[in-house]
1. From the residues in the range 91-126 that are of a type in the set (A, V, I, L, M) and farther than 28 Å from TYR143 by Cα, which one is most open to solvent (accessible area, probe 1.4 Å)?
2. When the residues of the range 56-85 are narrowed to those that are in contact (Cβ under 8 Å) with a residue 24 or more places away in the chain and of a type in the set (A, V, I, L, M), which ends up farthest from THR11 (Cα to Cα)?
3. Looking at SER147, SER104 in this structure, which one is assigned to a strand (DSSP E or B) and either at pLDDT below 95 or more than 27 Å from the chain's Cα centre (by Cα) (or both)?
4. How about the range 64-75: which of its residues are surrounded by 18 or more Cβ atoms within 10 Å (Cβ to Cβ) and assigned to a strand (DSSP E or B)?
5. Can you confirm whether the range 76-86 contains a residue that is of a type in the set (Gly, Ala, Ser), over 30 Å from GLY50 (Cβ atoms) and open to solvent by 50 Å² or more (accessible area, probe 1.4 Å)?
6. Of all residues in the range 147-195, which are touching a Gly at 6+ places or on another chain (Cβ under 9 Å) and of a type in the set (Gly, Ala, Ser)?
7. Only one of these is closer than 30 Å to ASN49 by Cα, within 31 Å of the chain's Cα centre (by Cα) and not aromatic (Phe, Trp, Tyr): THR183, THR142, THR177. Name it.
Amino acid sequence: KIINTTASDTTTPTVGSASPTSAVPGQSTTFTASVSDNVGVTSCTFISNGASSAATVSNNIASYTTSLSEGTYSMYFKCSDAAGNTGTGTSVTVKSSKPQLSVSTSLPKTTYYPAENLEPKVTVKDPDGKIVIDAKISGILTYGTSSKYLSFFYSSLCDCYKAWHWLDEGSLPNTYTLNVTATHASYQSAGAIASFTLI
């Protein structure tokens, strides 16, 4: 007598949530989820923003490798066993975004007089703390209702970006604020602020 065990199997596969929940645009990322079943999972599908792709399953792990564009995605795995029972993992939100730059700016002092030279310095680092030497730095010096754009350049002597601004004799006493922004094609932009008083 032959007994068809799959015909009497009504147990739905258990599927975990997809991970990781973050990715870098343009880089290959493997998404995985734990799977289990009383008989065994035979196939899995990876769903990203409604689009389905065949996933692999081995040693109770479903996986799918893809490269994402920048944006936010809704992802989950759906798996089936030999009897056709289907289990669906909880949908997770995955954000694909560029790493964040870290920016700091410093001034030699906080009080200046007319006819002095202002020499701000800006340090830019990646998420691992490594100095970024090819960022683009924009700086705006504001005082009252006026503003002045500063031009920064990278200096290997200080591992930083530098600029110069002459505070001419006609400069008025005020609180001056320097807003700097660092941009790079591979990272999210970031900014920093420094202030000084002209007396």
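The values are calculated or read from the model by the stated rules, or taken from the named source; none is laboratory data. The model shown is predicted, which means the values in this text are computed figures rather than measured ones. Backbone-built Cβ (ideal geometry, glycine too); neighbour counts: all protein chains shown. All accessible areas refer to the heavy atoms of the entire protein, side chains included, with ligands and DNA or RNA removed. Shrake-Rupley method; radii C 1.70, N 1.55, O 1.52, S 1.80 Å.
1. Filtering the range 91-126 for residues of a type in the set (A, V, I, L, M) gives 92, 94, 101, 103, 107, 115, 118, 122, 124.
Next cut, farther than 28 Å from TYR143 by Cα only: 92, 94.
Values: VAL92: 24, VAL94: 0 Å².
Here the answer is VAL92.
2. This residue is LEU68.
3. On the way: SER104 fails: either at pLDDT below 95 or more than 27 Å from the chain's Cα centre (by Cα) (or both).
Result of the check over SER147, SER104: SER147.
4. Going residue by residue through the range 64-75, those that are surrounded by 18 or more Cβ atoms within 10 Å (Cβ to Cβ) are 64, 68, 73, 75.
The answer is TYR64, TYR73, MET75.
5. Step one: list which residues in the range 76-86 are of a type in the set (Gly, Ala, Ser), which gives 80, 82-84.
Still in the running and over 30 Å from GLY50 (Cβ atoms): none.
Taking every residue of the range 76-86 in turn, none turns out to be of a type in the set (Gly, Ala, Ser), over 30 Å from GLY50 (Cβ atoms) and open to solvent by 50 Å² or more (accessible area, probe 1.4 Å).
6. SER151, ALA163, ALA182
7. On the way: THR142 fails: closer than 30 Å to ASN49 by Cα; THR177 fails: closer than 30 Å to ASN49 by Cα.
Result: THR183 is the single residue among THR183, THR142, THR177 that is closer than 30 Å to ASN49 by Cα, within 31 Å of the chain's Cα centre (by Cα) and not aromatic (Phe, Trp, Tyr).
Here's the yes/no breakdown for (1) closer than 27 Å to SER96 by Cβ; (2) modelled with pLDDT under 95:
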position	(1), (2)
PRO120	no, no
PRO127	yes, yes
LYS130	yes, no
ASP134	yes, no
GLY139	no, no
PHE152	no, no
ASN179	no, no
SER186	yes, yes
ILE199	no, yes
